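Only one structure is covered here, and it is reproduced in the block below.
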Amino acid sequence: MVSNVNYDRINNKYGGVAELTREDFGSYFDAIISNEVINASDAREHPQTACFKELYFKPNNIYSLLDFILHHDFKPIGVICCESVGSINQWSENDVKSLRRIANASSLYFNLGQTT
């Protein structure tokens with residue numbers, strides 16, 4: 001299960017929390033765990049993200065997403081998501097590299113924060 005807390009950069013505010021379960025969105029969870037990244041410029045039609053189309057993408061006007069998995073002790077514990085609102089976005093190689101660095105740094109933080 002992933003709890004989703006949204007930050008809206010355009011309006012500078014946090015949105016509601018949504019819980020996404022593997023039972024409901026198996027293709028997405030299988031893909032993100034296997035590949036550690038999902039780059040879906042057309043997220044509404046992408047094979048691993050189309051499952052969110054009616055419930056999440058349409059109500060929130062989302063067209064594209066770029067997701068990386070977060071790890072703690074090499075186990076998946078969360079996902080960092082970037083979403084494009086209002087239009088399809090072709091994620092650049094720089095976008096992918098930047099979010100990968102953020103995900104890796106965040107995962108490192110989880111490991112450093114652990115006490116023994």
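Computed from the coordinates by the stated procedures, all read-outs in this text should not be read as laboratory data. Fair warning: this is a prediction, and the values are worked out from it, not measured in the lab. Quick reminder, even Gly has a Cβ in these numbers, built from the backbone with ideal geometry, and neighbours come from all protein chains shown.
Things worth noting here:
- Backbone HN-Hα couplings from phi across region 94-99 [Karplus 6.51/-1.76/1.60, Hz, Gly and Pro as x]: 5, 4, 5, 5, 5, 5
- The packing ranking, built from the mean of other Cβ atoms within 10 Å per residue, places the peptides 36-42, 102-108 in the order 36-42, 102-108, highest first.
- The slack between Glu36 and Glu54, meaning 0.36 nm per residue of separation minus the straight C-alpha distance, is 4.1 nm.
- Full extension of the chain between Asp95 and Tyr109 gives 2.9 nm of extra length, using 0.36 nm per residue less the Cα-Cα distance.
- Amide H to amide H distances under 5 Å link Gly78 with Leu70, where only residues 5 or more positions off or on other chains count and H is placed in the peptide plane.
- In this structure, the amide hydrogen of Asn89, modeled 1.01 Å from its nitrogen in the peptide plane, lies closer than 5 angstrom to those of Ser64, counting only residues at least 5 positions away or on a different chain.
- Peptides ranked, highest mean first, by Cβ atoms within 10 Å: ranges 83-91, 25-33: 25-33, 83-91
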